[in-house]
Structures are given as C-alpha cells and as structure tokens.
1. Pick from L14, L97, L48 the residue whose mean-square fluctuation is largest in a GNM of the chain, springs joining Cα atoms under 10 Å.
2. Scan the chain and hand back the longest stretch that contains none of the GluC sites (Glu not before Pro) lying in DSSP loops with at most 10 other Cβ atoms within 10 Å.
3. Sequence gap at least 6, Cα distance under 8 Å: using those rules, report the relative contact order of segment 86-200 to the nearest whole percent.
4. Among the listed pairs K148/K177; K40/K166; K148/K199, which are separated by more than 18 Å between their Cα atoms?
5. Suppose a student asked you for the relative contact order of the chain, using Cα pairs under 8 Å spaced at least 6 residues apart; what percent would you report?
6. Remind me, relative contact order of segment 10-53 in percent, using alpha carbon pairs under 8 angstrom and six or more residues apart?
7. Can you compute the modelled spin-label distance between R136 and L14, with each label point 7 Å from Cα toward Cβ, in nm?
8. Suppose only helical runs count, i.e. DSSP H with n ≥ 4. What mean residue ellipticity at 222 nm does that imply for the chain under -39500 (n - 2.57) per run, divided by all residues and rounded to the nearest 500 deg cm²/dmol?
Amino acid sequence: MSDHYYSKKPHSQLKTEEITCTLREQAFSFTTGSGVFSKKGIDFGSRLLIETFEEPTIDGPFLDLGCGYGPIGISLASTYKGRSFVMTDINERAIYLTNQNIQKNNISNAKAFISEGFNQIKEDEFAAIITNPPIRAGKKVVYSMIEKSVEHLSDAGEYWAVIQKKQGAPSFLAFLKTLFPHVIVENRRKGYYIIRAIKG
C-alpha cells in the first residue's frame with residue numbers, strides 16, 4: 001500500500017525539507033518531510049483556518065486534531081500563549097516532526113503525541129478543537145472524529161474545521177448541524193469553507 005498522510009507508519013525514506021512562512025504576522029520555520037501532509041508548504045486551507053480562527057471566550061486547552069507537522073497548533077500556540085495546546089496525529093512521522101518544530105519555534109505551551117482519533121487523548125474539556133480533517137481517510141473516519149469532538153468539548157466549546165466544497169463541504173455542514181446547535185461559516189475563499197460549530 002502506498003504511503004499517504006493518514007498512514008500510521010510511512011514506509012518511504014524520510015527526506016526532510018525546511019520551510020519558512022509568516023502566519024498571523026509572525027515568522028515560523030518548519031521541518032517537513034516525505035509521508036506527511038502538504039510537505040512543500042502550508043496548504044491554502046490550513047493557512048485560511050489559522051488566519052480566520054478566533055479565540056473562544058471560555059477557559060480551557062485547545063486541541064489541534066490531525067496536526068501534521070504542526071503549523072496550525074504551533075502558530076496558534078504562539079499567538080495564544082496563555083492557553084495550553086494538545087497536538088495529535090495518527091502519523092508517527094508527523095508527530096516526530098511536530099516535536100522538532102515545537103522546539104525550533106520555541107513553543108512552551110504545546111505538547112504533541114501519537115493518537116488515532118481520540119484514543120490516546122485524556123482531556124475531555126477542550127475550549128476549542130481545530131482541525132484540517134483527513135478527508136482521504138473517508139467519511140466514516142472523519143464523521144466519527146466529529147462525533148468524538150463533541151464529547152471532548154466543554155460546554156460552549158468550539159469546533160473549527162476547514163473543508164473544500166468539492167470535498168463535501170455541504171454534507172459536512174449538514175452533519176455538523178445534527179450535532180451542534182450553532183454552526184457558522186466564518187470564511188469562504190477559493191472553494192474552502194472555514195466552519196465554526198459551538199457546543200451547547
């Protein structure tokens with residue numbers, strides 16, 4: 001089976017690259033590599049999610065679910081230094097790179113570890129869960145992760161996601177509305193939707 005970013009253990013030889021970028025008016029440096037999502041640079045959807053995200057009013061930690069090599073969680077952890085961040089991914093290589101990038105960017109309020117969905121996540125009172133969901137893993141996996149997100153959010157906690165229209169944004173929105181009383185499209189650009197869903 002060929003490697004993809006939802007592989008637990010990519011079999012391809014790790015070939016790393018260094019990229020630099022500006023996110024939320026801050027400069028970052030990331031080590032990326034083969035077998036992880038968007039290794040050549042921050043993909044448009046993740047960048048739009050990062051720039052659109054707004055901090056919830058309630059207290060509590062944030063979760064970057066499916067963090068890849070870490071651009072979403074690391075850039076937001078740098079912005080919101082008073083919050084603690086949990087960053088997880090099924091991909092062992094992605095977590096290896098994320099931990100390197102946490103150190104490289106001097107982030108002291110984030111931790112990253114391997115977890116398939118919520119299997120290894122102990123916290124269940126997140127103020128926000130932020131995700132660029134693994135669409136290639138299939139609707140069953142993605143929708144299960146949304147359902148588990150509801151369980152792991154505090155009351156009034158917020159679920160933030162990015163999805164392309166051509167990847168099923170309308171049905172994704174409809175499913176969210178069966179689980180959350182408030183679902184808002186916060187931004188829409190180049191076929192990408194930034195969606196915020198509020199629990200309770």
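1. Ranking L14, L97, L48 by mean-square fluctuation puts L14 first.
2. Numbers: sites that count: E25, E54.
After excluding every exposed loop site, the longest remaining stretch is 55-200.
3. On the way: 164 pairs, mean separation 24.6, N = 115.
Contact order relative to length: 21 percent.
4. Details: K148/K177 15 Å; K40/K166 22 Å; K148/K199 12 Å.
Over 18 Å Cα-Cα: K40/K166.
5. Relative contact order comes out at 18 percent.
6. Values: 46 pairs, mean separation 16.1, N = 44.
The value is 37 percent.
7. Taking the two extended label points, one gets 1.9 nm.
8. Values: 5 runs with 55 residues, N = 200.
Calculated mean residue ellipticity at 222 nm is -8500 deg cm²/dmol.
Computed from the coordinates by the stated procedures, all read-outs in this text should not be read as laboratory data. The structure presented is a predicted model; accordingly, all values stated were derived computationally and were not measured. Because the Cβ atoms are built from the backbone with ideal geometry, glycine has one as well, and the counts that use them run over all protein chains shown.
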